[in-house]
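J.: Dumping the structure here so I can ask a few things about it.
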Amino acid sequence: MRFGYREVCLEHDTGSRHPETADRLRAIRRALSKRHGVAYREGSLADRSALEAVHDSDYIADVEQFCADGGGTWDADTVAVEETWDAARASAGLACWAVEETLGGADGRQTPFAIGRPPGHHAEYDEAMGFCFFNNVAVASQQALEHDDVDRVAVFDWDVHHGNGTQDLFYERPELFYMSIHERGLFPGTGDVLETGGPDARKTNLNLPLPGGSGDDEYTAAVDQLLAPALERFDPDLLIISAGFDAHEHDPISRMRVSTEGYGHLTRRVREISDDLDAELAFVLEGGYGLDPLADSVGMVHEVFDGREPITPDGDVLSKSKRVIDDARDAHDL
């Protein structure tokens, strides 16, 4: 794979006790150094016009000034330093790079994966939250829609937290599809099954709040029974994966049970789905806070594109998870 990465993303210093630290990217880079066929690209910092296409201009100015003044605590979870301004623009810019790469024909072993930080899927139109300042996948999705041959963009978010920001930004727009698998009851407490899209965008917002303890079998069932038919109906030109790895069985902040091999199988399935739909495919890093599980899982995504065949889960879905999947299928007429 081609990985988008910029050193300035390491300079977003959240402090030694914060779960979202620069060590996440260092761990990923160490793991990828042992893999074959890894290449890096820097991309560009997102410019103000790209950010303003998604976020409130006054909010963007507030973030810039907040960082220029030395940063501090934006809210209980979200902190900044002076360098955060460039790091956040780099992270959004790397997501845009990934989209431009795949729309330019990069696929197979050249499939792009943006590994920037801070992450983005909690950032709303005019508010930072949940470690996020700018919504990287939303900025990249909007940029994609400026291409003449892109009419519809889909985002599949497998981070363990609901991407409230992405939902907020996509909810009223019929040309944008969003699906989130997340752990029920976790931050930020949003993402109900019955939130299916605004009046002019029905069935374009698919939430699956799975109970804790769900793992490879449940996530596979969600992809096969919900994502695949929903995307067949939506028919996107581009599929972006909001790739958080905090649903891993060894992540310290969730109760989910997805294995490293399970992330490999999810990768294989989204690749198969995108191929079936003739949709371009790109990955953008979100969460993942156990350093070894995060690094191993990103490495697994790469290995699948390098030819590895991951193990297929058994298909023994927990009954409590099956009920939620059935509810979501009913809500979306799938």
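The values are calculated or read from the model by the stated rules, or taken from the named source; none is laboratory data. All of these numbers come straight from a predicted model, not from anything done at the bench. Note that each Cβ is placed from the backbone with ideal geometry, even for glycine, and that neighbours are counted across all protein chains shown. Areas reflect the complete protein model, heavy atoms only, side chains present, ligands, DNA and RNA absent. Shrake-Rupley method; radii C 1.70, N 1.55, O 1.52, S 1.80 Å.
J.: Quick one: which residue in ASP168, ASP159 is in contact (Cβ under 8 Å) with a residue 40 or more places away in the chain, assigned to a helix (DSSP H, G or I) and not small (Gly, Ala, Ser)?
T.: So the residue among ASP168, ASP159 that is in contact (Cβ under 8 Å) with a residue 40 or more places away in the chain, assigned to a helix (DSSP H, G or I) and not small (Gly, Ala, Ser) is ASP168.
J.: Related question: Mind checking which residues of the stretch 82-100 are more than 17 Å from the chain's Cα centre (by Cα) and open to solvent by 30 Å² or more (accessible area, probe 1.4 Å)?
T.: GLU82, GLU83, TRP85, ASP86
J.: Taking MET256 as the residue in question, decide whether it is out of contact with any Leu (no Cβ under 9 Å at 6 or more places or on another chain), buried (at least 18 other Cβ atoms within 10 Å of the Cβ) and of a type in the set (A, V, I, L, M).
T.: In short, no.
J.: Pairs please, first residue from the stretch 269-283 and in a loop (DSSP other than H, G, I, E, B), second anywhere and open to solvent by less than 70 Å² (accessible area, probe 1.4 Å), Cβ atoms under 7 Å, 6+ apart in sequence or on different chains.
T.: Within 7 Å, the pairs are ALA279/PRO236; ALA279/ASP237; ALA279/LEU238; ALA279/LEU239.
J.: Now, a different point. Can you tell me which residue among GLY71, GLY43 is at pLDDT below 95 and surrounded by 14 or more Cβ atoms within 10 Å (Cβ to Cβ)?
T.: The conditions single out GLY43.
J.: With the structure loaded, tell me whether ARG269 is closer than 14 Å to VAL301 by Cα and surrounded by fewer than 24 Cβ atoms within 10 Å (Cβ to Cβ) or whether it fails that test.
T.: yes
J.: Further question on the same structure: Just to be sure, is PHE113 under 22 Å from the mean Cα position of the chain (by Cα) and either assigned to a helix (DSSP H, G or I) or among the aromatic types (Phe, Trp, Tyr) (or both)?
T.: yes
J.: Quick check on my filter: what residues within the stretch 11-37 are in a loop (DSSP other than H, G, I, E, B) and either open to solvent by less than 40 Å² (accessible area, probe 1.4 Å) or small (Gly, Ala, Ser) (or both)?
T.: Residues satisfying the conditions are HIS12, THR14, GLY15, SER16, HIS18, GLU20, THR21, ALA22, SER33, GLY37.
J.: Of all the residues that make up the stretch 69-94, how many are over 29 Å from TYR40 (Cα atoms) and without any contact (Cβ under 8 Å) to a residue 24 or more places away in the chain?
T.: The qualifying residues number 6.
J.: Another question about this same structure. For ILE253, only one of the following conditions fails: (1) under 30 Å from ALA144 (Cβ atoms); (2) among the β-branched types (Val, Ile, Thr); (3) not in a strand (DSSP E or B). What is its number?
T.: It is condition (1) that ILE253 fails.
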